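The values are calculated or read from the model by the stated rules, or taken from the named source; none is laboratory data. Everything numeric in this text was worked out from a predicted model, so none of it was measured. Note: ideal-geometry Cβ built from the backbone for every residue, glycine included; neighbour counts use all protein chains shown. These accessible areas exclude ligands, DNA and RNA; they are computed on the full protein's heavy atoms, side chains included. Shrake-Rupley method; radii C 1.70, N 1.55, O 1.52, S 1.80 Å.
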Amino acid sequence: MMTQEEVRGLLLETGAIMEGHFLLTSGRHSAQYVEKFNVLQHPLHTQHLCEAMAEKFKNAGIETVVGPMTGGILLAHETGKALGTRAIFTERVAGRMTFRRGFTLRPGERVLIVEDIVTTGGSIKEVIDVVKSLGAVPVAVSMLVDRSGGKADFGDVPKTALLTMDVESYAPEECPLCREDVPMTKRGRTGK
């Protein structure tokens, strides 16, 4: 089992935890950014992180691991491998999270939902809704990094994270980094 300090150390060592002035996908600004692919590009690191995610659920009767596209695909695959289960993923189609490619769940199927970096938890809430709409049971949410400081709430679905960070983000008009003219870096889906 990896400790939070070990996970943080690995993310720092691989350059996944970054400092600067970042434009987040949400449109908010932050002085910290977690670039998951800096660590996930290393298969052995990904394997060890996912084994740590799976460890908490070895005896939970998980039948399928689900992650949202993109980073969640790698995490679902490796976590499913560690648990000896199937691993599938959701995709966003016409603005809505859904299963494609023939993926489905049966009523009562016990599902672990995995995600890489969570700030508000919006995407995970959508995955939970898709899982429940098929009658499957979302047993828990397991996150690589919870940037919300534990504030992300998934209702009746318990959550766990390998690393919890309390990272402030700001509306653009309230951003102290903008006021100090700190150059901005755009990361994630629309950045470098």
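Observations, loosely collected:
- When the range 78-90 is filtered for residues that are surrounded by 23 or more Cβ atoms within 10 Å (Cβ to Cβ) and among the β-branched types (Val, Ile, Thr), the ones remaining, listed by number, are THR79, THR90.
- Here the range 156-183 is the region considered, the condition is being of a type in the set (Gly, Ala, Ser) and at pLDDT below 95, and the residue that is most open to solvent (accessible area, probe 1.4 Å) is SER169.
To keep it simple, each residue is scored yes or no on (1) of a type outside the set (Asp, Glu); (2) in a strand (DSSP E or B); (3) closer than 27 Å to VAL167 by Cα; (4) open to solvent by less than 50 Å² (accessible area, probe 1.4 Å).
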{"residue": "MET2", "(1), (2), (3), (4)": "yes, no, yes, yes"}
{"residue": "ALA54", "(1), (2), (3), (4)": "yes, no, yes, yes"}
{"residue": "LYS58", "(1), (2), (3), (4)": "yes, no, no, no"}
{"residue": "ILE62", "(1), (2), (3), (4)": "yes, no, no, yes"}
{"residue": "ALA76", "(1), (2), (3), (4)": "yes, no, yes, yes"}
{"residue": "ARG92", "(1), (2), (3), (4)": "yes, yes, yes, no"}
{"residue": "MET97", "(1), (2), (3), (4)": "yes, yes, yes, yes"}
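- For the range 103-110, the criterion of being among the β-branched types (Val, Ile, Thr), open to solvent by 40 Å² or more (accessible area, probe 1.4 Å) and at pLDDT 95 or above is met by at least one residue.
- Subset of the range 6-38 (residues that are of a type in the set (Phe, Trp, Tyr) and within 15 Å of GLU173 (Cα to Cα)): PHE22
- Scanning the range 140-186 for residues that are touching a residue at least 60 places away in the same chain (Cβ under 8 Å) and in a helix (DSSP H, G or I) yields PRO172, LEU177, CYS178.
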